[in-house]
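**Student:** Submitted below is the structure of interest, expressed as structure tokens.
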Amino acid sequence: MSHPPCPWGYEKHNGPDRWYEYYPSAKGHNQSPIEINSKEVHYDHSLLPWFASYDPGAAKTILNNGRTCKVVFDDTFDRSVLRGGPLPGIYRLRQLHFHWGSSDDQGSEHVVDGVKYAGELHLLHWNPKHSNYADAVRRYDGVAILAIFLKVGKPIKREMKRILEEVGAIKSKGKEAPFPNFDPSILFPKSRDYWTYHGSFTTPPCEEVITWIILREPIIVSPDQMAKLRSLSMNSENEPFRPLVDNWRPPQPRYYRMPAKA
Ligand SMILES: [Zn+2]
């Protein structure tokens, strides 16, 4: 599938309501995010606990692409992997990134019982039974995203510090900095409880290939930490500062899908 080049974003003229014009998948019936009504979630007793084993040496760089802050990992072999839960095999960690709001009452993509969190962390993994990542994003079982909500409060998750102290080095779009020796499992909350459903990427082209594993317990961040994310610019260095905020897609129709829990 090829698409005409189109600069999508989160503003009125290029935002989520218009993505389908260039990316028809965005109007599909298995889109993400969704609103989760915790009372409607069904028990699935076949669901297993999930496990991550991440190699800190796989972390490579941190970057600002004008739409998010992303950490990239070496995924050339089964080095950092996610398995169990709803997954049929092991999945390789490729990158993590964040979605966040201009204020603390919005920023997450998934919504739980009507509540939007201040942010949402996505750890993206792909299924190496497909020959490469480009192939995996075309397969139903190609990609698994572990999602963790960010909630402003106390006591804070100190482990967020490492990423946020690097934010100064990637202030503007196109900036990239080395980010060696990082194990993202330090960001996990205590509880491994999750909801799962099948959906899509939340950014164009919105391919419907994602097994979502959404952790029910949020991690706690401080107002200062959120301010650091909001200090990134969606513009390049030689352009005026434009805060990179509200890079979230609102919930999409659920149709016949119902999230499950173990
Ligand atoms: Zn994401």
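**Student:** Test each condition in (1) out of contact with any Phe, Trp or Tyr (no Cβ under 9 Å at 6 or more places or on another chain); (2) in a strand (DSSP E or B) for ILE145 and report the one that comes out false.
**Tutor:** The failed condition is (1).
**Student:** Just one of (1) within 14 Å of the ligand (Cβ to nearest atom); (2) over 17 Å from the mean Cα position of the chain (by Cα); (3) polar (S, T, N, Q) trips up SER200, so point out which.
**Tutor:** (2)
**Student:** Okay, next question. May I ask you to list pairs of residues, at least six apart or on different chains, whose Cβ atoms are under 8 Å apart, with the first in the stretch 184-213 being over 20 Å from HIS42 (Cα atoms) and aromatic (Phe, Trp, Tyr) and the second being at pLDDT below 95 and buried (at least 17 other Cβ atoms within 10 Å of the Cβ)?
**Tutor:** Pairs found: none.
**Student:** Residue under question is SER131, and the condition is that it be without any contact (Cβ under 8 Å) to a residue 40 or more places away in the chain and in a loop (DSSP other than H, G, I, E, B); does it hold? First the steps, then the outcome.
**Tutor:** On the way: without any contact (Cβ under 8 Å) to a residue 40 or more places away in the chain: yes; in a loop (DSSP other than H, G, I, E, B): yes.
Against the criterion (without any contact (Cβ under 8 Å) to a residue 40 or more places away in the chain and in a loop (DSSP other than H, G, I, E, B)), SER131 qualifies.
**Student:** Which residues, counting only those in the stretch 223-262, are in contact with a Pro (Cβ under 9 Å, 6 or more places away or on another chain) and not hydrophobic (A, V, I, L, M, F, W, C)? Don't jump to the end; show me each part of the working.
**Tutor:** Here is the first cut: in the stretch 223-262, the residues in contact with a Pro (Cβ under 9 Å, 6 or more places away or on another chain) are 230-234, 248-252, 260, 262.
Within the stretch 223-262, ARG230, SER231, SER233, ARG249, PRO250, PRO251, GLN252 qualify.
**Student:** Within the stretch 176-262, which strands (runs of 3 or more DSSP E) (wholly inside it) include 1 or more residues that are charged (D, E, K, R)? I'd like the intermediate steps shown before the answer.
**Tutor:** On the way: elements: 176-178, 194-199, 210-215, 219-221.
Correct list: 176-178.
**Student:** Given the options LYS190, LYS157, name the one that is at pLDDT 95 or above and among the basic types (Lys, Arg).
**Tutor:** Working: LYS157 fails: at pLDDT 95 or above.
Answer to the check: LYS190.
**Student:** So which of GLN95, GLN31 is in a loop (DSSP other than H, G, I, E, B) and within 16 Å of the ligand (Cβ to nearest atom)?
**Tutor:** Testing whether each residue is in a loop (DSSP other than H, G, I, E, B) and within 16 Å of the ligand (Cβ to nearest atom) leaves just GLN31.
**Student:** Can you list residue pairs whose Cβ atoms sit under 6 Å apart, with the first residue in the stretch 43-64 being under 30 Å from GLU176 (Cα atoms) and part of a loop (DSSP other than H, G, I, E, B) and the second being of a type in the set (Ser, Thr, Tyr) and modelled with pLDDT of 95 or more? Count only pairs 6 or more apart in sequence or on different chains.
**Tutor:** So the pair list comes out as TYR54/SER80; TYR54/SER185; ASP55/SER80.
**Student:** Yes or no: the stretch 159-177 includes at least one residue that is more than 16 Å from the ligand (Cβ to nearest atom), closer than 18 Å to LEU124 by Cβ, more than 18 Å from the chain's Cα centre (by Cα) and not acidic (Asp, Glu).
**Tutor:** no
**Student:** Examine the stretch 105-114 for a residue that is within 16 Å of the ligand (Cβ to nearest atom), under 18 Å from SER222 (Cα atoms), in a strand (DSSP E or B) and among the hydrophobic types (A, V, I, L, M, F, W, C), and state whether such a residue exists. Break it down stepwise before answering.
**Tutor:** Looking only at the stretch 105-114, we keep the residues that are within 16 Å of the ligand (Cβ to nearest atom), and these are 106-111.
Imposing the further condition that a residue be under 18 Å from SER222 (Cα atoms) reduces the set to 106-108.
Filter once more, so that each one left must be in a strand (DSSP E or B): none.
Checked the stretch 105-114: no residue is within 16 Å of the ligand (Cβ to nearest atom), under 18 Å from SER222 (Cα atoms), in a strand (DSSP E or B) and among the hydrophobic types (A, V, I, L, M, F, W, C).
The values are calculated or read from the model by the stated rules, or taken from the named source; none is laboratory data. Source: prediction; values computed, not measured. Neighbour counts are summed over all protein chains in view; Cβ atoms, including those assigned to glycine, are modelled from backbone coordinates with ideal geometry.
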